[in-house]
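Here is the structure we will look at, set down as structure tokens.
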Amino acid sequence: MRSFREATLLSLLAASGVLSSDVHDLKTDTFKDFVNSNDLVLAEFFAPWCGHCKALAPEYEEAATTLKEKNIPLAKVDCTEEADLCKEFGVDGYPTVKVFRGLDNVKAYSGPRKAPAIISYMTKQALPAVSTLTSDTLEEFKTQDKVVLVAYFASDDKTSNETFSKVADSMRDDLLFGATSDAALAEAAGVKQPGLVMYKDFDEGVATFDKKFTTEAIEDFVKTASVPLVGEIGPETYAGYMATGLPLAFIFSETPEERAELAAVVKPLAEKYKGKISFATIDAKAFGAHAGNLNLEVGTWPAFAIQETVKNQKFPFDQSKKITEKDIGKFVADYLDGKIEPSVKSEPIPEKQEGPVTVVVAHNYNDVVLNNEKDVLVEFYAPWCGHCKALAPKYDELAQLYTSKPDFNEKVTIAKVDATANDVPEEIAGFPTIKLFAAGSKDSPIDYQGSRTVEDLANFVKENGKYKVDAYVANDTDDADMTDAEETMGKQAPAATVSDAAESVKSGAAESVKSVASEAAEAVKTVVSDTDDGGKEAHDEL
């Protein structure tokens, strides 16, 4: 594994020109011609001062070198020099990485910022959604990625063909899809037409689809069969586990040897409960902080816990007990039978609310956020998060706009919850995360992704809330009730600027922080190592 010092050195050498680069450095006058002359281009829009851009640089270089052999070019644009070009393509944070298939077909790359992930993703993008396979190409195709899915069906079977193509179109970012109508190849694979076989470089190596040939059944097969029986949780795998929708069993351990031993212990259980629960080990030295999110005691290893990923419920195993097949087997069986109550971490309910922002904890979350007829804007934050600290005075100012008016205070609540100290039912990808729970539609909260100014936040509540409360109209139309402080805030709010700067959430500002296991420990240690300015939606890692 490349050390941080080595990665930094490579980045500096590449930036200074000491090392030759396979990344194309494009300008406004060269960018469009370059994109039009290549069928597929991955372009990074960056700023030289951006910490996350610096971390990406050596990974991007490595990916560019590998993908060059496949005729897939990687390019970069310095947005401090080419501001108009970056604005044209909607760049609002750094780094922003986009996939171009010409200038009119552009989509964001939101995967992990690691060379293997970039290489795998772009390799898939370069291929058609479904590759047509023959006896000459099948074997090579099986090894083109960690997981590939091959369909065997007759050339005149239009229904199966269309079903498979539909799945491939929707999941092409996840794995490679191929198909053949050669009956001899189907017979050699041991399947009847129509049939599906997944080839993978782990576990048994092959998984055969044996359900009815429907879109839903194939998608479910892909989600479960593409995950190892007992895998390893890390930056590049966490999102895949979350995507299955299955409960995830974590096995924390400090050494590779012990993780291998524990994986062997639970493997019979993983086989028994395949499709019902996923099992994976996790490096306790690197990602032990995540144990606290599962209501385990950090530092007491090894440890085991189950996370119900859809409801975000946690079921920690007694850390005073050893991890044995028998004890873990009973724990898992009781969990699946509904015999274990979820562990709920919560701060005490505040005896009195201090300040204009309502403090929410796990034990009053339902009452304050969900079980009422108010529009509730909630900030999910972490005490160590630098961007949260920068937002705090503006968030207080926002809340004051509503609490200063009793009639609006009855319709709108501005709230916050420490998501590191309280279990919440929402999936939080980074800090701060802001969601609006509008009255009458609490089951479908709306994520806020705009600039963190008082005015923009107030407009978000106005536009998306049930009551369409305009906080500024309220304050401007009743001067008699305004204090000097409120009047000052009302005048200053429209001029507020974006002070939280960094990478956009769309391009994975928290290094794909659904992968809460990715760099959580380091984020806590350093609090905020990147104080970049200019990003529209800066997030710290979980």
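Diagonalising the gyration tensor over the Cα atoms of segment 93-184 and scaling each eigenvalue by 5 before taking the square root yields semi-axes of 28, 15, 10 Å, largest first.
Starting from 0.36 nm per residue, how many nanometres of slack lie between GLU297 and GLN353 once their C-alpha separation is accounted for? Write out the running numbers ahead of the final one.
On the way: separation 56, 0.36 × 56 = 20.16 nm, distance 2.98 nm.
Extra length from GLU297 to GLN353 when fully extended: 17.2 nm.
Near ALA75, the amide H atoms lying under 5 Å from its own belong to HIS24, LEU42, ALA43, GLU44; only residues 5 or more places off or on other chains count, and H is placed 1.01 Å from N.
In the structure shown, the pairs LYS114/LYS272; LYS416/LYS466; LYS142/LYS211; LYS314/LYS468; LYS192/LYS223 are assessed against 29 Å; a Cα-Cα span above that value is assigned to LYS114/LYS272; LYS314/LYS468. 3J(HN,Hα) couplings calculated from phi for segment 63-79 with the Karplus curve 6.51 cos²θ - 1.76 cosθ + 1.60 (θ = phi - 60°) are, in sequence order, 5, 4, 5, 5, 6, 4, 5, 9, 6, 10, x, 10, 10, 9, 9, 7, 6 Hz; Gly and Pro show x.
Starting from the Cα gyration tensor of segment 24-124, take the square roots of the eigenvalues, sort them a ≥ b ≥ c, and report rounded, prolate or oblate (rounded when a/c is under 1.5, otherwise prolate if a/b is larger than b/c, else oblate).
oblate
With every protein chain in place and a 1.4 angstrom probe, the accessible-area ranking of SER181, SER165, largest first, reads SER181, SER165.
The slack between THR255 and ASP29, meaning 0.36 nm per residue of separation minus the straight C-alpha distance, is 76.2 nm.
Close amide H pairs (under 5 Å, H built 1.01 Å from N) link THR358 with ILE414, ALA415, LYS416, residues at least 5 positions away or on another chain.
Excluding ligands, DNA and RNA, the accessible surface per residue across segment 127-226 is 52 Å² with a 1.4 Å probe. Surface composition of segment 127-226: carbon plus sulfur atoms hold 47% of the accessible area, using a 1.4 angstrom probe and ignoring ligands, DNA and RNA.
Want the number for LEU336 to ASN366: 0.36 nm per residue separation, take away the alpha-carbon distance, what's left?
On the way: separation 30, 0.36 × 30 = 10.80 nm, distance 2.51 nm.
Gain on extension, LEU336 to ASN366, equals 8.3 nm.
Taking trypsin sites (Lys or Arg not before Pro) across segment 321-351, the ones in a DSSP loop with at most 12 further Cβ atoms lying within 10 angstrom of their Cβ are LYS321, LYS322, LYS339. Rolling a 1.4 Å probe over the heavy atoms of the protein chains gives segment 358-464 an accessible area of 35 Å² per residue.
List the trypsin sites (Lys or Arg not before Pro) within segment 194-245 that DSSP assigns to loop and that have no more than 16 neighbouring Cβ atoms inside 10 Å. Walk me through the numbers on the way to the answer.
Details: sites: LYS200, LYS211, LYS212, LYS223; in loops: LYS211, LYS212.
Passing sites in segment 194-245 are LYS211, LYS212.
With each label modelled as a point 7 angstrom along the Cα→C-beta vector, the THR65-THR132 pair spans 3.7 nm. Please work out how much accessible surface ARG101 shows to a 1.4 Å probe, ignoring ligands, DNA and RNA, in Å² rounded to 10. For ARG101, solvent-accessible area is about 80 Å². With all protein chains kept in place, the per residue accessible area of segment 230-337 amounts to 43 square angstrom at a probe of 1.4 angstrom. Among the GluC sites (Glu not before Pro) found in segment 150-206, those both in a DSSP coil and sparsely packed, with 13 or fewer other Cβ atoms within 10 Å of their Cβ, are GLU204.
So, with a 1.4 angstrom probe, what is the percent of accessible area on segment 332-449 that is carbon and sulfur? Walk me through the intermediate numbers first.
Working: 2440 of 5080 Å².
C and S atoms contribute 48 percent here.
Rounded, prolate or oblate: which one fits segment 299-455, using the alpha carbon gyration tensor with axes a ≥ b ≥ c (rounded when a/c is under 1.5, else prolate when a/b beats b/c, else oblate)? In terms of gyration-tensor shape, prolate. The accessible surface of segment 24-124, taken with every protein chain in place and a 1.4 Å probe, is 47 percent carbon and sulfur.
If you place +1 on the Cβ of every Lys and Arg and -1 on the Cβ of every Asp and Glu, how big does the dipole about the Cα centre of segment 127-226 come out, in debye to the nearest 20?
Values: 10 positive and 19 negative charges, 40 e Å.
In total the dipole reaches around 200 debye.
For segment 230-337, what does the alpha-carbon gyration tensor say about shape, rounded, prolate or oblate, given a ≥ b ≥ c as the root eigenvalues, a/c under 1.5 as rounded, and a/b over b/c as prolate? The shape class here is rounded. Return, ordered by residue number, the residues of segment 55-74 whose backbone nitrogen is under 12 Å from a label point located 7 Å along Cα→Cβ of ASN105. Label zone hits: none. The string of couplings for segment 397-404 from the Karplus curve (6.51, -1.76, 1.60, θ = phi - 60°) is 4, 4, 4, 4, 4, 9, 5, 6 Hz, one whole number per residue in order, with x for Gly and Pro.
The values are calculated or read from the model by the stated rules, or taken from the named source; none is laboratory data. Given the structure is predicted, the values throughout are model-derived calculations rather than measurements. Here Cβ is always computed from backbone atoms with ideal geometry, including for glycine, and neighbour counts include all displayed protein chains. What goes into the accessible areas is simple: the full protein's heavy atoms, side chains included, and nothing from ligands, DNA or RNA. Shrake-Rupley method; radii C 1.70, N 1.55, O 1.52, S 1.80 Å.
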